[in-house]
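Engineer: Next up is a structure, given as structure tokens.
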Amino acid sequence: MPNWKIPTDVRGRIINEAISFGDRPAHYALMNFPMTVAEIQLHASALTQEQIFPMRTMIDQGVRTIERHFNTRIAFFRRSFPGLRRSVVVNVRLPEWIVLGRPTYMGMQATSYKDDEPHYIPCDTVGLSDEDKIQIAEYLNTAVRHARLSEIVTNVVPILMDREITPTTSHLHALWPLLATLHPDNTWRERFRNPTRTLKAYQPDPVIISYYRKYMEACETAILAGQMLEAIRGDRKKIIVGIETWERLPGDIIFPLVDAPEIPKKGS
């Protein structure tokens, strides 16, 4: 069979499909947030119970100078939640409004996970049972595990889809057969299904495959799981959660990869 060069648009579509599938397990892990809107109002609003009631009462009575919030960012510190492996900041979109003691500023990724940072409100554990705290920790641990896998897919797939590494359909088959199955167009799916009879001449650089093998295995875990899941559509009647950032621990994978091998150029 002919060996096809992979055009930029086909390359981009494969990358997007891989990232989309890799994201799905992370999206599912964020469903069923273990706090209600009322609990978020009470424990993650930077207000005391004595402050919340009169503010909400005044809004109900027609006062329009008190802001109502449908979005906020909440920090969960591992010092406060037994079993939580990494401190986490999540953004939440609520199906009904709450009042906040202060706004949270979106789009700020760097954090020291201290109580007084302006871009999140720490979750106050006073009044939460041990069972509540354990349930929240388990939810966040699962969500972060899938978010870390999704992050690997988002960063590693574009690297290995570089035209210097996988310029043709046979190169992609030799390096990463799974990616060769992801393009949805029938013409290209057929081309990827039929690589050259032998792939001996298209084997990847041993340094590349040795370095990225563990990352490819992590990507496949997320992508294959995602292929078994339906895409999720946001339901405004439910709490919708996204992970803004999580605490990086010693030994965690951090992108860009500072020790990654240089991509060999053609003819080098």
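Engineer: Counting just the residues of segment 49-90 that are in a helix (DSSP H, G or I), polar (S, T, N, Q) and at pLDDT 95 or above, which one comes out farthest from Asp132 (Cα to Cα)?
Structural biologist: Once the filter is applied, the top-ranked residue is Thr57.
Engineer: Go over the candidates His146, His119 one by one and state the one that is under 30 Å from Gly12 (Cβ atoms) and either surrounded by 15 or more Cβ atoms within 10 Å (Cβ to Cβ) or among the small types (Gly, Ala, Ser) (or both).
Structural biologist: Step by step, each of His146, His119 is checked, and only His146 is under 30 Å from Gly12 (Cβ atoms) and either surrounded by 15 or more Cβ atoms within 10 Å (Cβ to Cβ) or among the small types (Gly, Ala, Ser) (or both).
Engineer: Regarding Arg163, is this residue more than 27 Å from Ile240 (Cβ to Cβ) and touching a residue at least 24 places away in the same chain (Cβ under 8 Å)?
Structural biologist: Answer is yes for this residue.
Engineer: Also, I was wondering about something else. Scan segment 21-37 residue by residue and report those that are of a type outside the set (A, V, I, L, M, F, W, C) and either within 19 Å of Arg145 (Cβ to Cβ) or touching a strand residue (DSSP E or B) at 6+ places or on another chain (Cβ under 8 Å) (or both).
Structural biologist: Passing the criteria: Gly22, Asp23, Arg24, Pro25, His27, Tyr28, Asn32, Pro34.
Engineer: So, of the residues in segment 151-185 that are within 25 Å of the chain's Cα centre (by Cα) and β-branched (Val, Ile, Thr), which turns out to be surrounded by the fewest Cβ atoms within 10 Å (Cβ to Cβ)?
Structural biologist: Thr181
Engineer: Search segment 1-45 for residues being in a loop (DSSP other than H, G, I, E, B) and among the polar types (S, T, N, Q), and hand back the single one that is nearest to Ile243 (Cα to Cα).
Structural biologist: That would be Asn32.
Engineer: Restricting the search to segment 128-148, which residues are part of a loop (DSSP other than H, G, I, E, B) and either hydroxyl-bearing (Ser, Thr, Tyr) or assigned by TED's automatic domain parsing to the domain that holds Ser20 (or both)?
Structural biologist: Ser129
Engineer: Is one or more of the residues making up segment 206-228 without any contact (Cβ under 8 Å) to a residue 40 or more places away in the chain, closer than 30 Å to Thr36 by Cα, exposed (fewer than 11 other Cβ atoms within 10 Å of the Cβ) and of a type outside the set (D, E, K, R)?
Structural biologist: Checked segment 206-228: at least one residue is without any contact (Cβ under 8 Å) to a residue 40 or more places away in the chain, closer than 30 Å to Thr36 by Cα, exposed (fewer than 11 other Cβ atoms within 10 Å of the Cβ) and of a type outside the set (D, E, K, R).
Engineer: Conditions first: (1) surrounded by 13 or more Cβ atoms within 10 Å (Cβ to Cβ); (2) polar (S, T, N, Q); (3) more than 21 Å from Ile159 (Cα to Cα). Ser20 passes all but one, so which condition is the exception?
Structural biologist: Unmet condition: (3).
Engineer: Report every pair of residues separated by at least 6 positions or lying on different chains whose Cβ atoms are under 8 Å apart, first residue within segment 53-69 and surrounded by 11 or more Cβ atoms within 10 Å (Cβ to Cβ), second part of a helix (DSSP H, G or I).
Structural biologist: Matching pairs, first to second residue: Ile66/Met55; Ile66/Met58; Ile66/Ile59; Arg68/Ile59.
Engineer: Could you identify the single residue in Thr125, Thr111 that is of a type in the set (S, T, N, Q), assigned to a loop (DSSP other than H, G, I, E, B) and modelled with pLDDT of 95 or more?
Structural biologist: Of the residues listed, the single one that is of a type in the set (S, T, N, Q), assigned to a loop (DSSP other than H, G, I, E, B) and modelled with pLDDT of 95 or more is Thr125.
The values are calculated or read from the model by the stated rules, or taken from the named source; none is laboratory data. A quick note: this is a predicted structure, and the numbers were derived from the prediction, not measured. Reconstructed Cβ throughout: ideal geometry from the backbone, glycine too, with neighbour counts over all protein chains shown.
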